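Heads up, the thing below is written out as C-alpha cells.
The values are calculated or read from the model by the stated rules, or taken from the named source; none is laboratory data. Just so it is clear, the model here is predicted, and its values are computed rather than measured. Here Cβ is always computed from backbone atoms with ideal geometry, including for glycine, and neighbour counts include all displayed protein chains. Just so you know, the surface numbers come from the protein's heavy atoms only, side chains and all, with ligands and any DNA or RNA stripped out. Shrake-Rupley method; radii C 1.70, N 1.55, O 1.52, S 1.80 Å.
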Amino acid sequence: MADTLTSPPLLTENYAYFFDLDGTLATIKPHPDEVAVPVEVLEALNQLAQLNQGALALISGRSIAELDQLAGPYRFPLAGVHGAERRDIHGHLQTVSLPPDLVQTLHAQLTTALLYLPGTELEAKGMAFALHYRQAPQYEQEVFNLAEQVVRDNPQLSLQPGKCVVEIKPRGIHKGEAISAFMHEAPFLGRTPVFLGDDLTDEHGFEVVNQLKGVSVKVGAGDTKASWRLATVPDVWQWVIKAANHQQEKEIAQINRRKPYGSLDRSF
C-alpha cells in the first residue's frame with residue numbers, strides 16, 4: 001500500500017488494543033538493552049487498558065520477561081517471541097517449545113557460524129533464535145543464507161525477517177495468530193481490534209486485524225497491509241496519549257449526560 005495512508009482516528013469504546021514494542025512504542029536502538037518506553041506513554045497505555053476493561057496487549061518478538069521489564073510497573077496481557085509465549089488477562093501462560101536437544105544443537109551451530117561474521121549477534125530465546133546484523137549490515141546475505149539453511153534442515157521451523165534481524169522460530173507462530181488467540185477470549189472478545197506495528201513481523205497481525213474489520217496502523221514508511229499510518233515513534237506516543245485522554249473525556253461526558261435533570265430542584 002502506498003505511503004499516502006493517513007493517521008488513524010482517535011477511537012472511543014469497544015476496541016481492543018495491540019501494540020508492537022520496538023519501533024512502535026520505543027525507538028530502535030543499536031542494542032536491545034538500550035530500549036525504553038517513556039513513563040508518560042506507559043501511563044497512557046495503562047489508562048487506555050483500564051478504560052477498556054483490560055483489553056490491551058503487547059505483541060512482540062521480545063520475551064515476556066523483557067516485555068514485563070519494559071512495561072513496568074504495569075502488567076499487561078502479553079505475547080512474546082511473536083506469540084510462541086502468551087500470557088492472558090488472568091496471568092495464565094501458554095508456551096510453544098522446541099525439543100531441548102534441538103535447541104542445544106541449533107544454539108551450538110548458530111554460535112559457531114556467527115563467529116565468522118564479526119559484529120553479528122545471536123539472541124537465544126528458548127524456543128526461537130534471533131540473528132542480529134545491525135552492527136554488521138555487510139553480512140546480511142550471509143545471515144539470511146544461514147537462517148534459510150537451518151529452516152531447510154528443520155521443517156518444524158520457519159524464518160521471519162525483520163529490521164536488521166532474521167528470526168528462526170516454530171512454524172505457524174506469528175503475531176497474527178497471537179492477536180487471533182486474544183480476540184477469542186475476554187476481555188478482547190466482541191471488541192474491534194486495533195494493532196500498531198512497524199516491521200515485516202507485524203504484517204501477519206495487520207492481515208488478521210483487517211479480516212476482523214479492525215484498525216491496522218503501520219509505523220514508518222514502506223509497503224504494508226495496514227490501513228493507516230503514523231510516521232514516527234513519537235507520533236505513536238502522541239496518538240496513544242491523545243487516544244487515552246479522548247476516550248476518558250468521552251466517558252465523562254456520557255456520565256454527565258446520564259445524570260438526572262432536576263436534581264438541584266429536589267435538593268431545595
Item to complete: Rank ALA244, ALA221, ALA128 by mean-square fluctuation in a GNM of the chain with C-alpha springs under 10 angstrom and give only the top-ranked residue.
Response: ALA221
Response to the item:
With all protein chains in place and a 1.4 Å probe, GLU185 shows an accessible area in Å² (nearest 10) of 40 Å²
Discussion item. Can you give me the accessible area per residue for the chain, using a 1.4 Å probe, in Å²?
Written reply: 49 Å²
Item to complete: Could you order peptides 39-49, 5-15 by the average number of other Cβ atoms within 10 Å of their residues, highest first?
Response: 39-49, 5-15
Item to complete: State the label only: which of (1) -0.23, -0.57, -0.95; (2) -0.28, -0.63, -0.97; (3) -0.39, -0.84, -1.13 corresponds to log10 I(q)/I(0) by the Debye sum over Cα atoms at q = 0.07, 0.11, 0.14 Å⁻¹ computed from the shown model?
Response: (2)
Worksheet item: Using θ = phi - 60° and the Karplus curve 6.51 cos²θ - 1.76 cosθ + 1.60, what whole-Hz ³J(HN,Hα) does each residue of region 32-45 get, with Gly and Pro shown as x?
Response: x, 5, 8, 7, 8, 9, x, 4, 5, 6, 4, 4, 5, 4
Practice prompt. Heavy atoms only, probe 1.4 Å: what % of the accessible area of region 134-268 goes to carbon and sulfur, would you let me know?
Written response: 54 percent
Item to complete: Mind putting a number on the dipole of the chain about its Cα centre? Charges go on the C-beta only, +1 for Lys and Arg and -1 for Asp and Glu, and I need it in Debye to the nearest 20.
Response: 980 debye
Worksheet item: With the chain treated as a Gaussian network of Cα nodes joined by springs under 10 Å, which of SER97, SER216, SER60 yields the largest mean-square fluctuation?
Response: SER97
Item to complete: Could you check which residue among ILE28, ILE173, ILE255 shows the biggest mean-square fluctuation in a GNM of the chain with a 10 Å Cα cutoff?
Response: ILE255
Practice prompt. Under 21 Å Cα to Cα from LYS125, which lysines show up? Leave out anything in the same chain fewer than 8 places away.
Written response: LYS29, LYS163, LYS169, LYS175
Worksheet item: How large is ³J(HN,Hα) for each residue in region 247-258, as worked out from phi by the Karplus curve 6.51 cos²θ - 1.76 cosθ + 1.60 (θ = phi - 60°), to whole Hz, x for Gly and Pro?
Response: 5, 5, 5, 4, 5, 5, 4, 5, 4, 5, 5, 7
Practice prompt. On the protein heavy atoms, probe 1.4 angstrom, tell me the percent of accessible surface of region 40-103 carried by carbon and sulfur.
Written response: 51 percent
Worksheet item: Can you give me the Cα centroid spacing of region 191-215 and region 32-83 in angstrom?
Response: 17 Å
Worksheet item: Could you work out the helix-only [θ] at 222 nm for the chain, with each DSSP H run of four or more residues adding -39,500 (n - 2.57) and the total divided by the number of residues, to the nearest 500 deg cm²/dmol?
Response: -11500 deg cm²/dmol
Item to complete: Report the relative contact order of the chain, percent, no decimals, based on alpha-carbon pairs under 8 angstrom and at least 6 residues apart.
Response: 24 percent
Worksheet entry | Proximal aspartates and glutamates to LYS242, defined as alpha-carbon separation beneath 17 angstrom and excluding residues fewer than eight positions away on the same chain | GLU13, GLU40, GLU43, GLU251
